[in-house]
Amino acid sequence: MAASRRSLASLTVLLLLRSVSATAAGSSYNVTDLGSLGGSGVGGVSSAGQAINNSGQVTGSSYLSNGTQDAFLYSNGVMTDLGSLGGPSAGQAINDSGQVTGYSGLSNGTSHAFLYSNGVMTDLGTFGGSSSGGLGINDAGQVTGYAGLSNGTSHAFLYSNGVMVDLGTLGGPYSGGTGINAFGEVVGSSTVFFSSDSDAFLYSSGVMAGLGAFGGAPSAGQAINASGQITGWYYLPVSGTQRAFLYGDGVITDLGAFGGGDADGLGINDAGQVVGESILPNGSPRAFLYSNGAMIDLNSLINPSLGITLFDAEGINNLGQIVANGTNGRAYLLTPVSSAPEPSTFALLIAAPCFMALVGWTRRRN
């Protein structure tokens, strides 16, 4: 890592500059710039966060100085390069043991799902097709995602104890799992009979079932918590917009939007708080938090003097910490001020195309 040989004093100063205490009036989160692996890509993007666990560890992808993109694990102020299976890689989900799943390019130009555990990245394979990707993982190390078949389609999978199981579809050629909870319940989306549209599904006790809560409109599940609450998006045919939702016990709640029409729920914690992305009337994306019945622009909850705009929030843990992406092409960690260490204490702590190939019918996860 770029900072691995810095003196302890220099590293402490650098990280203190990155972690800013958002204690100004109206600010609710400390914001930590997660940095990068030393490089930047198209548009100046250097890192992108995708998921967070209950210890505040984050995974995602970052560019190296040679222009390569690798999956990372951010923990205790340090971003670690997880390597790859031979091509570009990206972390997509992380569990409380620090195991990571995602996808990585191979030397032959295809891309496969991986499980990173105890310093080793394992290729999870496919169902005979060319590509696969891991998008969700639980604390038992079970992984879900999508995997290609030899006929060119892709199906959702559940990987457990070294075996990848095909979860099938809702009748169409494609499906993909995007989230999995402690009980092995999988959420995702699938094409349906005689249509290219997708439907959000819940896979539970060996059965994949459409949520059936959207009146036949296209939808996709993105994340699920321990209580079986689900978030994602669904389409409103009349307005032609996409809205974030919270689904639980057969009831769907429209989470709203910021005026531009489209919104997508991307992460949920066990308290039912949802984070995601919504579009402003001018077309610009903004990260949101849905809590206590209200959708809030996360940018209104951080210190404006930071000069940061958060475009999307990808995950939230049970402590309320959020991983988001924003200006300067960086991933950011948001920690509620009430649970964040005091600045002095914090200083001491520091010193011490894949699923997208499925689609056209589902939103890209950054």
Taking interchain pairs and intrachain pairs at least six residues apart, which have beta carbon atoms under 6 angstrom, with the first residue in the stretch 174-196 and under 22 Å from TYR235 (Cβ atoms) and at pLDDT below 95 and the second crowded, with 23+ Cβ neighbours inside 10 Å and not β-branched (Val, Ile, Thr)? VAL192/ASP199
The number of residues in the stretch 122-148 that are in a strand (DSSP E or B) and touching a Phe, Trp or Tyr at 6+ places or on another chain (Cβ under 7 Å) is 13
Restricting to the stretch 149-196, name every residue that is in a strand (DSSP E or B), surrounded by fewer than 24 Cβ atoms within 10 Å (Cβ to Cβ) and small (Gly, Ala, Ser). SER160, GLY168, GLY171, GLY172
What is the residue count in the stretch 1-59 for residues that are over 23 Å from GLY102 (Cα atoms), of a type in the set (A, V, I, L, M, F, W, C) and modelled with pLDDT of 85 or more? 1
Do you know which residues across the stretch 218-238 are in contact with a strand residue (DSSP E or B) (Cβ under 8 Å, 6 or more places away or on another chain) and in a loop (DSSP other than H, G, I, E, B)? PRO218, ASN225, SER227, GLY228, GLN229
Taking only the stretch 239-257 into account, find how many residues are surrounded by fewer than 19 Cβ atoms within 10 Å (Cβ to Cβ) and part of a loop (DSSP other than H, G, I, E, B). 5
Pull up the stretch 31-57, narrow it to residues that are assigned to a strand (DSSP E or B) and not β-branched (Val, Ile, Thr), then point me to the one that is surrounded by the fewest Cβ atoms within 10 Å (Cβ to Cβ). GLY38
From GLY141, GLY162, grab the single residue that is farther than 24 Å from ALA200 by Cα and out of contact with any Gly (no Cβ under 8 Å at 6 or more places or on another chain). GLY162
Go through (1) farther than 21 Å from LEU289 by Cα; (2) modelled with pLDDT under 95; (3) hydrophobic (A, V, I, L, M, F, W, C) for LEU167 and report which single condition fails. (2)
Restricting the stretch 197-207 to residues that are outside any loop (DSSP other than H, G, I, E, B) and of a type outside the set (A, V, I, L, M, F, W, C), the residue that is modelled with the lowest pLDDT: SER198
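The values are calculated or read from the model by the stated rules, or taken from the named source; none is laboratory data. This one's a predicted model, so the numbers in the text were calculated from it and none came from an experiment. Every residue, glycine among them, receives a Cβ derived from its backbone with ideal geometry; neighbour counts consider all protein chains shown.
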